[in-house]
1. Of the DSSP beta bridges with both residues in segment 112-284, give the percent that are antiparallel, rounding to the nearest 5.
2. Considering Cα pairs under 8 angstrom that are at least six residues apart, work out the relative contact order of the chain and quote it in whole percent.
3. State, as an integer percentage, the relative contact order of segment 203-265 based on alpha-carbon contacts under 8 Å between residues 6 or more apart.
4. Report the calculated FRET efficiency for E24 and R135 (r = Cβ-Cβ distance, R0 = 25 Å), to the nearest 0.05.
5. Taking only DSSP H segments of four or more residues, each worth -39500 (n - 2.57), what value at 222 nm results for the chain once the sum is divided by all its residues, to the nearest 500 deg cm²/dmol?
6. Which of K108, K177 comes first, and how do the rest follow, when ranked by fewest Cβ neighbours within 10 Å?
7. GNM, the chain, Cα, under 10 Å: largest mean-square fluctuation among G101, G159, G111?
8. Taking square-rooted eigenvalues a ≥ b ≥ c of the alpha carbon gyration tensor, is the chain rounded, prolate or oblate, where a/c under 1.5 means rounded and, failing that, a/b exceeding b/c means prolate?
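Where a number appears in this text, it was derived from the coordinates with a stated rule and is not lab data. None of the values given here were measured: they were computed from a predicted structure. Quick reminder, even Gly has a Cβ in these numbers, built from the backbone with ideal geometry, and neighbours come from all protein chains shown.
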Amino acid sequence: MVATATDEAELRAVFVDANPALAEEADKQLRLRGVRFTINRDPDIRSEALPATLDGAHIALIDHTHLPARIARQCTGLRHVVFLGTGARSYMSPEELAELGIAVHTIKGYGDTAVAECAVALMWASARGVARMDREMRAGNWLRTDALQLTGRTLGLIGFGGIAKEVARLATGSGMKVLAWNRTPGTYPGVSFVALAQLLAESDVVSLHLLLNDETKGFLSRERIAAMHPGAILINTARGALVDEEAMIDALRAGHLRHAGLDVFTTEPLPAGHPLTTLPNVTLSAHSAFRTAEATHNLINAALEHCRRIALHAD
């Protein structure tokens, strides 16, 4: 635990689960009059340890640690949680915390380009079979397979926020046709907004860009996977729970899906021996799409802005 103090701090904030990259960036940026910061450099802290770690703290910065209401109830003085990202619901219930007088703040847009680049990288790796060739060559096998040429192919984006816009920019620049479905249709250069059924039927690649909530959990159901273009590639850099994982695995085994490029999973970390680790037509990434130096800088800067606003409005 390393404390960063300010002049006569009125509020105390604790970054509860900083990995080395986040801790380094936090050391550079977390300087704010009126708030005293403590950085816990153990990214594997257990939820049960949070009451002691947050003892007396008004603000908790959380990257990936679960904060159930039963634990938050023991965190005396806690009034704000700044979640480092948009997927707070995967780790806590904002409604239940609100009932305890704890406001949850999320951060959008900090890593749009980083995540979009990962989605595109997974798309190309999936189309070319790069990961499988790499594995086979390391094992002494000279495996060559026919690839899917993406220029001129159709990419379907489900959800169209900041990340999807960046993916569209990169994809149109590489000669792909881009379709999009969004609950609120919009406009974007080079993108055609269509019905979901049309997108699934016509897309050679489908990339998910939805927030996870009660309405979107299991959004890509068995029925919708079956409605996808035969031989399509599925990319998911959003949240694992958006997809019926069992149905996706069945479709990969049957060849209905050519390949899946996945950065997120229903259970994280992905357990050893999980079926997805045994399939040759899956490329895996360890929920790291957002992890670039630029995105980390933006993330900590945005967290600091939340803390600044909280301090300004403190009683």
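1. Values: 1 of 26 bridges.
DSSP beta bridges in segment 112-284 are roughly 5 percent antiparallel.
2. Value for the chain: 16 percent.
3. The normalised contact order for segment 203-265 reaches 40 percent.
4. E(calc), rounded to 0.05, equals 0.20.
5. Numbers: 11 runs with 104 residues, N = 315.
Estimated from H runs of four or more residues: -9500 deg cm²/dmol.
6. Going from sparsest to densest Cβ surroundings: K108, K177.
7. Between G101, G159, G111, it is G101 that shows the largest mean-square fluctuation.
8. It comes out prolate by the Cα gyration axes.
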